[in-house]
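The values are calculated or read from the model by the stated rules, or taken from the named source; none is laboratory data. The structure presented is a predicted model; accordingly, all values stated were derived computationally and were not measured. Neighbour counts run over all protein chains shown; Cβ positions are idealised from the backbone, glycine included.
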There are 2 protein chains.
Amino acid sequence: MATIKDIAEIAKVSRTTVSRVINDTGYVSDDARERVLQAIKRTGYIPSEYAKSLRTKQTKVIGVILPKISTETVSRMVSGITEELSHYGYQVLLANTNLDPVLEIDYLKLLKARQVDGIILVATNVSDALIKEIHKLTIPFAVLGQEIPGVTSIHYDDYQAAYDITRHVIKKGHTSIGFIGVPEADQAVGYERKRAFIQAMRDHALPLNEHWIQEAKFDIDSGNEAIKRMFESRDKLAPTAVIAVTDRLAIGAMQYLKERGLSIPHDIGITGMGNSELSRYVTPPLTTIHYHYKTAGEEVARIILDKIDGKNNDEKKSALSYRLIERDSL
Amino acid sequence: MATIKDIAEIAKVSRTTVSRVINDTGYVSDDARERVLQAIKRTGYIPSEYAKSLRTKQTKVIGVILPKISTETVSRMVSGITEELSHYGYQVLLANTNLDPVLEIDYLKLLKARQVDGIILVATNVSDALIKEIHKLTIPFAVLGQEIPGVTSIHYDDYQAAYDITRHVIKKGHTSIGFIGVPEADQAVGYERKRAFIQAMRDHALPLNEHWIQEAKFDIDSGNEAIKRMFESRDKLAPTAVIAVTDRLAIGAMQYLKERGLSIPHDIGITGMGNSELSRYVTPPLTTIHYHYKTAGEEVARIILDKIDGKNNDEKKSALSYRLIERDSL
DNA sequence: CTGGAATATGGAATCGATTTCACATCACAG
DNA sequence: CTGTGATGTGAAATCGATTCCATATTCCAG
C-alpha cells in the first residue's frame, strides 16, 4: 500500500502539499496539484482512515448495537439507519448482541475504544447496568425502540397503539377479550402494551379474566402455547377475540385456533402488532398496527448526526407514528 | 479521554511498561503492574483502537458488503457472520448498497481505506466492473451467494437444487409445468436455476411451453403478475404445476391462483425456494428448498479468518447443502 | 566471584495522516 | 520603489499506541 510519503516523493512535493491536494485546502499551484493527482492515480493510493482519525479525532463511523439482526423489525431499522448515514459519508459498525445483556455492555466499551463518532442502541430489554454504562458515555448516543430516562430516544407510542387496537376490538362488539403479552422486562412491548390493554378494558367497564391474560416469549410457537393455556383453563370459557402484542404471537395463536377447527374471524377474532410481512400473507390476513420502522431508523440517524454537529445536544424524546391496519382476522 | 501517556504519568512508569501490562507481554514487576492497573481503573482508560491499528496494521474489523439488509436471506447470513467473527474478537463494518452497483465499488474502496482485515461480499448481481475491482484487492476476500471465477466463494448449489425440485414435481405426476424465474444477470438465482429447470424437463422428455416460462423481479407482486401472464396467454392452456425460484414469487403466484378460485394443490401445485418464514405460514404451506443461510454466514466468516491467519490462502469454492421441504402446496 | 541468563524498565523510532508555523515569492497599490 | 496581502511550499509537531534496542539490576551456575 502506498502512503502519503510515497506520493510526496513521486510528485516531488512535501507531504503537506499532498494533504492539501487531497483535502482541497490551502494554496496549491496547478502544476504541483497535477503531479500529485497523477501520482495518486498511478499508484492507486487511498489515504488511511486510521491515520486520519488518529489525528482528526473523527472516525465517520457510527456504532449500532442491536439485539438480534435477523428479525424484520430490526433489519428494517438498520436499513433506515445505514441509508441515512451513508448520505453523509458515515459508515456503520455493527454489534450484534444476540440478546445477551453482557455483550451489550462489552460492545459499548468496544465501540468507545474504536472512538466511533456516535452510538445507536436498538433496545429491547434494558438492564440497570446498561443504563449506568450509558450515562457514563461522553459521545453522542441515542436509543431506538425504548424510552430510557435522561437519554435521547426514539420510541413507538406503545401505550397509545395498544390502547387504540383494544378499543378497536371493543368497538367491533367484543366483550370477552383475551391478551397475549411478553415479559414486562421489555418496557415497551411487555409493560406498556399490557398496561394499555388493561386500561382500555377498564375504561369500557369490561371484565378481565385472569386466564385470558397470558404471557409468551417472542416466537410463533410460544403464541400457540399461550392461547392453548387460555382455552384449556378450567372454567371452559373462551374469549371471542384475542389481542397479541406481536404479529408472530398472533400467528402462532391462529395456528392453534385453526387446528381446533375454529373459524377466524367468525368464531374468534385476532389481532397482532407490527405489520410484519407475514401478517399480510397468512390466511386470513391479520389486523395489526403498522409501525414505520425504517423511518424510525432514518430519524435516529439524523438525530445522531445533529448531535455530532453540536446542534440539539440536549435530551430529546420522540414518539413515532403508527396506524391501524384492518384486515380480515377480526 | 485518558491516553497511555496519562496512565504512564499516574503510575510513574513509562508508556512502554503500560503497554506491556495491557498486552501482557515482556517483563513487568508486580509492583509496577499493580500501579498501572490501578491507574487504568481509576481513569476508565480504554486504549485507542485507531492508534493501535496504525502501528500494528491489524484492525480486527471485517467489512461486509451487502445488497440489501432487510431481507430474510441476507439478515440470516449476517447473523451467522457476526456471531462467528465475534468469537475471535472481530467486528463487522456494514456496507449496505441497497442494490446500487456503483455503491458496491465505492464501498470496496472505502473498506480498503479503513484497512479492514478482510472483506465479505454478499452478492446478487455481479458486474464485470466489480469483478475487476475485486481482483485488484490484496486483502483477504470472499463472496457469499454467487460464484466468481478466481475468487473464494461459498455458494449454494443452485443448479442441483433447482434440478431436484423440478424432478420432484415431475415425480408427483405433473407433465405441464410452468416456471417463474428472475433476470439471468443474477447468476445463481436467475441463470442456474432456470438452466436446471430446462435440463430436468428435457431429461424427462417433457415439453417446454414458452408462455409458461416467465421472468419476474424479486418481490411478491411480481410473482403475481408473472403467473397472470402465464394464464392469460392466448393458447388458453395452463400448467398443472408451477415452480418459482423464490418463495416470495411463489407466494405472489398463490395469491393470483386463489383469486382465480383455483385450489392449491388440487387444481394446481406450486413450489418455491428458500424456505422463508413466510413459506411455512401461508395457506397451504409451501413446498420449498431449505438453504442453511446462517450456516453459510458462519462458514464464510471462518474462511476469511483462515485467510487472515495465512492458512488456506488459495482460491476455494464450496457449495452448501440444502434440502427439499415437502409441505402441502404440491 | 564472575559471567551469562533472566528480569525489569525506559528512550526513541515508527505507523500515516493533519496542521501549525515559518518562510519565500509575487503582484500590485500608493 | 516599498510595503502589504495573496499565493505557494515545506519542516516539524502531533495524534496514541507498539516495538526495537539499550541499559540496569538480580540471580544463579560453574
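Of all residues in segment A:149-162, which are within 10 Å of residue A:317 (Cβ to Cβ) and of a type in the set (A, V, I, L, M)? Hits for segment A:149-162 are A:151, A:154. Inside segment A:52-69, residues that are touching a residue at least 60 places away in the same chain (Cβ under 8 Å) and either β-branched (Val, Ile, Thr) or at positive phi (or both) make up a count of 1. Do we find that residue B:13 is more than 8 Å from DNA strand C (Cβ to nearest atom) and not assigned by TED's automatic domain parsing to the domain that holds residue B:122 in this structure? No, not satisfied. For residues that are surrounded by fewer than 22 Cβ atoms within 10 Å (Cβ to Cβ) and among the charged types (D, E, K, R), scanning just segment B:224-253, find the one that is farthest from residue B:175 (Cα to Cα). Checked segment B:224-253; the qualifying residue farthest from residue B:175 (Cα to Cα) is B:225.
When segment B:260-280 is examined, which residues are found to be at pLDDT 95 or above and either surrounded by 24 or more Cβ atoms within 10 Å (Cβ to Cβ) or on the phi > 0 side of the Ramachandran plot (or both)? Of everything in segment B:260-280, those that are at pLDDT 95 or above and either surrounded by 24 or more Cβ atoms within 10 Å (Cβ to Cβ) or on the phi > 0 side of the Ramachandran plot (or both) turn out to be B:268, B:270, B:271, B:272, B:273. Would a scan of segment A:215-223 turn up a residue that is buried (at least 17 other Cβ atoms within 10 Å of the Cβ), more than 21 Å from residue A:325 (Cα to Cα) and among the polar types (S, T, N, Q)? The answer is yes; a qualifying residue exists. Residue count for segment B:20-33 under the criterion of being crowded, with 18+ Cβ neighbours inside 10 Å and near DNA strand D (Cβ under 10 Å from one of its atoms): the result is 2. Step by step: first the residues of segment B:141-172, then only those that are hydroxyl-bearing (Ser, Thr, Tyr) and part of a helix (DSSP H, G or I), then the one that is farthest from residue B:268 (Cα to Cα). Which residue is that? Checked segment B:141-172; the qualifying residue farthest from residue B:268 (Cα to Cα) is B:159. Applying the criterion of being surrounded by fewer than 20 Cβ atoms within 10 Å (Cβ to Cβ) and under 17 Å from the mean Cα position of the chain (by Cα) to the residues of segment B:86-116, the residue that is nearest to the other protein chains (Cβ to nearest Cβ) is B:98. Residue A:49 meets the conditions (1) of a type in the set (D, E, K, R); (2) more than 8 Å from DNA strand D (Cβ to nearest atom); (3) without any contact (Cβ under 8 Å) to a residue 12 or more places away in the chain; (4) over 19 Å from residue B:54 (Cβ atoms) in every case but one. The failed one is (4).
Being more than 14 Å from chain B (Cβ to nearest Cβ), under 24 Å from residue A:308 (Cα atoms) and within 8 Å of DNA strand C (Cβ to nearest atom) is a property that holds for residue A:25.
Scanning segment B:265-296 for residues that are within 13 Å of chain A (Cβ to nearest Cβ) and either under 16 Å from residue A:281 (Cα atoms) or free of Cβ contacts under 8 Å to residues at least 60 places away in the same chain (or both) turns up B:272, B:276, B:277, B:278, B:279, B:280, B:281, B:282, B:283, B:284, B:285, B:286. Consider segment B:259-291. How many of its residues are part of a helix (DSSP H, G or I) and out of contact with any Asp or Glu (no Cβ under 7 Å at 6 or more places or on another chain)? Here the count works out to 3. Determine, yes or no, whether residue B:20 is of a type in the set (Lys, Arg) and more than 11 Å from chain A (Cβ to nearest Cβ). Answer is yes for this residue. Checking each residue in segment B:9-42 for being within 25 Å of residue A:51 (Cβ to Cβ) and in contact (Cβ under 8 Å) with a residue 12 or more places away in the chain picks out B:18, B:19, B:22. Is there a residue being within 13 Å of DNA strand C (Cβ to nearest atom) and not hydroxyl-bearing (Ser, Thr, Tyr) anywhere in segment B:65-76? The answer is no, given that none of the residues of segment B:65-76 is within 13 Å of DNA strand C (Cβ to nearest atom) and not hydroxyl-bearing (Ser, Thr, Tyr).
This table checks each residue for (1) polar (S, T, N, Q); (2) over 26 Å from residue A:115 (Cα atoms).
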site	(1), (2)
A:22	no, no
A:26	no, yes
A:41	no, yes
A:54	no, no
A:58	yes, no
A:78	no, no
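Only a single item in (1) in contact with a strand residue (DSSP E or B) (Cβ under 6 Å, 6 or more places away or on another chain); (2) at pLDDT 95 or above is not met by residue B:69, and it is number (2). Among the residues of this structure, residue B:68 counts as one that is surrounded by fewer than 22 Cβ atoms within 10 Å (Cβ to Cβ) and under 19 Å from residue B:189 (Cα atoms). Between B:200, B:185, B:205, the distinction of being at pLDDT below 95, assigned by TED's automatic domain parsing to the domain that holds residue B:253 and either among the small types (Gly, Ala, Ser) or assigned to a strand (DSSP E or B) (or both) belongs to B:185 only.
All of B:188, B:162, B:205 fail the test of being under 30 Å from residue B:307 (Cβ atoms) and of a type in the set (A, V, I, L, M), apart from B:188. For segment A:64-85, the tally of residues that are within 9 Å of chain B (Cβ to nearest Cβ), within 23 Å of residue A:133 (Cα to Cα) and not β-branched (Val, Ile, Thr) stands at 1. Exactly one residue out of A:138, A:175 is within 30 Å of residue A:235 (Cβ to Cβ) and in a loop (DSSP other than H, G, I, E, B), and it is A:175.
Select from segment A:35-56 the residues that are aliphatic (A, V, I, L, M) and within 13 Å of another protein chain (Cβ to nearest Cβ) and write down the one among them that is farthest from DNA strand C (Cβ to nearest atom). Among residues in segment A:35-56 that are aliphatic (A, V, I, L, M) and within 13 Å of another protein chain (Cβ to nearest Cβ), the one farthest from DNA strand C (Cβ to nearest atom) is A:40.
Determine whether segment B:244-258 contains at least one residue that is part of a loop (DSSP other than H, G, I, E, B), closer than 19 Å to residue B:220 by Cα and out of contact with any His (no Cβ under 6 Å at 6 or more places or on another chain). Yes, segment B:244-258 contains a residue that is part of a loop (DSSP other than H, G, I, E, B), closer than 19 Å to residue B:220 by Cα and out of contact with any His (no Cβ under 6 Å at 6 or more places or on another chain).
Of all positions in segment B:305-319, at least one carries a residue that is aliphatic (A, V, I, L, M), surrounded by fewer than 20 Cβ atoms within 10 Å (Cβ to Cβ) and either assigned by TED's automatic domain parsing to the domain that holds residue B:91 or touching a strand residue (DSSP E or B) at 6+ places or on another chain (Cβ under 8 Å) (or both).
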